[in-house]
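Chemist: Quick one: this structure, given as structure tokens, is what I'll be asking you about.
The values are calculated or read from the model by the stated rules, or taken from the named source; none is laboratory data. Computed from a prediction, not measured in an experiment: that's the story for all the values here. As a convention, Cβ positions derive from the backbone with ideal geometry for all residues, glycine included, and neighbour counts pool all protein chains shown.
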Amino acid sequence: MSIADRADRSDRNELRLALPKGRMQDGVFKLLADAGMPVRVGPRAYRPAFSLPNVEAKLLKPQSIVEMLHNGSRDVGFAGADWVAELGADLVELVDTGCDPVRVVAAAPPEIAAKLESRPIRVASEYERLTAQWIQRRGLDARFVRSFGATEVFPPEDADCIVDNAASGATLAVNGLVVVDELMTSTTRLYASRAALDRPELRTRIEDLTLLVRSVIEARSRVMIELNVAAGELEAVVAILPCMREATIAPLHGNGGFSVRAAVPRAELPRIVPAVKARGGTDVVVFSPAQIVP
């Protein structure tokens, strides 16, 4: 049996999970730990231990994860949307984690940025596909120069313009570059191979993993608010709580009113707390849940 046959055999039982190296690793590891699935990196650094049974995890570059998911040698994995677009991979997006947001931008020195269309230029990037699409869309007379990291140092001697990912834009600014165009935005996402989803036993396990990851993301966007309120003010308080479904209400001891609990959007907390107090809510407690499963 060849290596390829062993990799793709239909009777295997383990779920093959790809975890990203580099800037995305910390965010993904924290997400999995918060979901009760810690990753332990031991002496075999590229094959970390994963807490779920029958999961074979491997630490890979995001570009490699996309390729392996596309060809079916990995079942599920985390990667950036930028590399899925760059490689034109046919994957199923399961969850947008929102982690490590970046923009893929074109940038150039200010003196060149205003004259991109006026003369032949050299564009350096790791993103050949995205760069070619941008060049065609802008109608530029451009030659592609492949970079292998540190793309921002190419201008002005070795390239006139670059296409690269940028989080804050600070690295571009330090190297004297200004953004001339935005090609796309990207975040870390959980993807699955279509071949894995076609197998019922793997699909169920992928759905379970997705549920756990999504529960942490949902919890990060919400807080639990708990308060007491007199019977006469109950409906006024409940009316202003943006719950997932309905608030949980329980009578207080001795018919002294009600206890109200609801999971509300974290971003709305500055509005909700004063409004609750104004409508008669007391003893307000706010805390962060670890996971929320709708």
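Chemist: If we keep just the residues of the stretch 190-218 that are part of a loop (DSSP other than H, G, I, E, B) and not hydroxyl-bearing (Ser, Thr, Tyr), which is surrounded by the most Cβ atoms within 10 Å (Cβ to Cβ)?
Modeler: Arg199
Chemist: Sort out which residues of the stretch 75-115 are within 21 Å of Val55 (Cα to Cα) and in contact with a Pro (Cβ under 6 Å, 6 or more places away or on another chain), and write them in order of number.
Modeler: Correct list: Phe78, Ala79.
Chemist: Run down Arg23, Arg47 and say which single residue is farther than 20 Å from Glu201 by Cβ, without any contact (Cβ under 8 Å) to a residue 60 or more places away in the chain and surrounded by fewer than 21 Cβ atoms within 10 Å (Cβ to Cβ).
Modeler: Only one candidate qualifies: Arg47.
Here's the yes/no breakdown for (1) touching a Phe, Trp or Tyr at 6+ places or on another chain (Cβ under 6 Å); (2) modelled with pLDDT of 95 or more; (3) buried (at least 17 other Cβ atoms within 10 Å of the Cβ); (4) assigned to a helix (DSSP H, G or I):
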site: Glu117; (1), (2), (3), (4): no, no, no, yes
site: Arg129; (1), (2), (3), (4): no, yes, no, yes
site: Trp134; (1), (2), (3), (4): no, yes, yes, yes
site: Ala159; (1), (2), (3), (4): no, no, yes, no
site: Gly176; (1), (2), (3), (4): no, no, no, no
site: Leu183; (1), (2), (3), (4): yes, yes, yes, no
site: Thr188; (1), (2), (3), (4): yes, yes, yes, no
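Chemist: To continue, here is another question. With respect to Asn228, determine if the residue is surrounded by 14 or more Cβ atoms within 10 Å (Cβ to Cβ) and either among the polar types (S, T, N, Q) or touching an Asp or Glu at 6+ places or on another chain (Cβ under 9 Å) (or both).
Modeler: yes
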